[in-house]
Amino acid sequence: MKKLLKCFLLLCLAIFSLSAFGQSNKIGFKYYLTKSKVDQMTLPSNGFGLKDSVVVFAKGETVTLQSGKTVKLTKDSVLIKDVTLCNGSTLQCNITPTAGFLQIDPWAIVTNPCGDPSGKSTMINAFSKNSIIITFPRKLVGNPTMVLNLNYGAWILNVSTLGVKFRPSVKDSNNVKHAATATGSNLNLGLTYGYSWGFTAFNNRTNNSYSFTLSGGLGFSTIDITKEIVTAHLDSGLGSEFVLSPSINMIFARNDIGILFALGTDLMTGKQGSSWAYHGKPYFGLGIAAGFRL
């Protein structure tokens with residue numbers, strides 16, 4: 001019954017892992033647009049633009065066109081208008097790639113140091129229409145593809161697995177010393193939760209993200225104690241025991257799939273768990289982790 005319960009727990013974890021590979025586990029994911037980044041984007045040599053894609057002007061109003069020319073409208077018009085940020089402000093937003101541009105969805109702006117209730121200000125504020133886009137400069141086939149790097153941050157839950165664990169030297173029940181070793185034969189599944197810093201490289205065709213995540217984790221595995229190094233003589237009839245592995249992790253990822261480095265310890269459950277030579281000993285692990293966005 002005990003072995004059956006352990007297998008059931010591992011099966012549930014495996015099902016959860018496969019499910020997580022098909023859905024997002026990022027919590028509070030947001031991009032950061034700073035005033036300096038916006039100014040850099042709008043340099044003529046770069047060609048990117050931050051614009052309000054739907055601005056309505058009434059007949060008789062004077063507006064400045066994208067070309068820089070100022071005109072007085074002879075009829076009601078909808079124009080694309082250049083916008084920017086207040087000095088020192090940062091716009092937190094979601095970004096969705098669309099055909100030829102990036103759609104910006106800002107998080108709610110609470111304070112309005114540059115507020116303008118008319119909704120037509122060049123400064124993004126709480127009264128601005130939620131129709132902001134980033135345009136790309138590649139208008140001709142002969143133009144090179146430009147890349148725009150934008151930073152993001154998020155709390156992220158990852159599914160992970162360790163391929164190998166490097167363990168310290170230990171002594172067995174006969175006081176024989178065993179050298180430090182690397183093991184990788186056991187199934188090690190786990191979850192990690194932490195904060196991710198990264199950036200996404202956007203262009204006209206695709207986008208790729210690169211990130212670093214610092215997280216805490218908990219691993220799950222089973223080990224046949226009869227085949228392990230032990231510090232005391234064991235009772236007969238023992239088999240696999242369940243092992244919990246808390247750890248601190250670093251993850252270097254591309255598109256949320258990456259290499260995981262873990263520093264942790266193994267805690268074997270069961271009556272004979274404390275007799276396992278590696279029980280409570282530190283390990284260094286190497287594996288992979290995955291998390292997906294909405």
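The values are calculated or read from the model by the stated rules, or taken from the named source; none is laboratory data. This one's a predicted model, so the numbers in the text were calculated from it and none came from an experiment. Reconstructed Cβ throughout: ideal geometry from the backbone, glycine too, with neighbour counts over all protein chains shown. Accessible surface is based on the protein model in full, side chains and every heavy atom, while ligands, DNA and RNA are left aside. Shrake-Rupley method; radii C 1.70, N 1.55, O 1.52, S 1.80 Å.
Observations on the model:
- 222 nm mean residue ellipticity, helices alone, for the chain (DSSP H n ≥ 4; -39,500 (n - 2.57); rounded to 500): -3000 deg cm²/dmol
- Accessible solvent surface per residue of the chain, calculated while the other protein chains remain in place, 1.4 angstrom probe, Å²: 54 Å²
- Three principal axis lengths of the range 150-290 [C-alpha, angstrom, descending]: 65, 25, 21
- In Hz, Karplus ³J(HN,Hα) per residue of the range 50-60 (6.51, -1.76, 1.60; θ = phi - 60°; x = Gly, Pro): 9, 9, 8, 7, 9, 10, 9, 10, 8, 4, x
- Across the range 71-88, computed HN-Hα scalar couplings (Karplus, 6.51 cos²θ - 1.76 cosθ + 1.60, θ = phi - 60°) run 9, 9, 6, 9, 7, 4, 9, 10, 10, 8, 10, 5, 10, 8, 10, 5, 4, x Hz from first to last residue, x flagging Gly and Pro.
- Table column - 3J(HN,Hα) (Hz), the range 207-219, Karplus curve with 6.51, -1.76, 1.60, x for Gly and Pro: 8, 10, 10, 10, 8, 10, 10, 10, 8, x, x, 9, x
- Principal semi-axes in Å for the chain [√(5λ), Cα gyration tensor, largest first]: 58, 17, 15
- Using equal-weight Cα scatterers in the Debye expression, the normalised intensity of the range 39-135 in log10 at q = 0.13, 0.17 Å⁻¹ is -0.47, -0.81.
- The percentage of C-alpha pairs in the range 164-225 whose separation is greater than 18 Å is 64%.
- For the chain, the longest principal axis of the Cα atoms and the long axis of helix 2-20 meet at an angle of about 20 degrees.
- Mean Cα-pair separation over length for the range 39-135, i.e. relative contact order, pairs under 8 Å, 6 or more apart, %: 29 percent
- Here the contact order of the chain, divided by its residue count and restricted to Cα pairs under 8 Å and six or more residues apart, works out to 17 percent.
- If you take all other residues with their beta carbon under 9 Å from the beta carbon of residue 223, and give Lys and Arg +1 and Asp and Glu -1, the sum is -3.
- Distance (nanometres) between label positions extended 7 Å along Cα→Cβ at residue 252 and residue 141: 4.1 nm
- Under 5 Å from the amide H of residue 83 lie the amide H atoms of 50, 51, 52, each residue being 5 or more positions distant or on a separate chain, with H modelled from the backbone and absent for Pro and chain starts.
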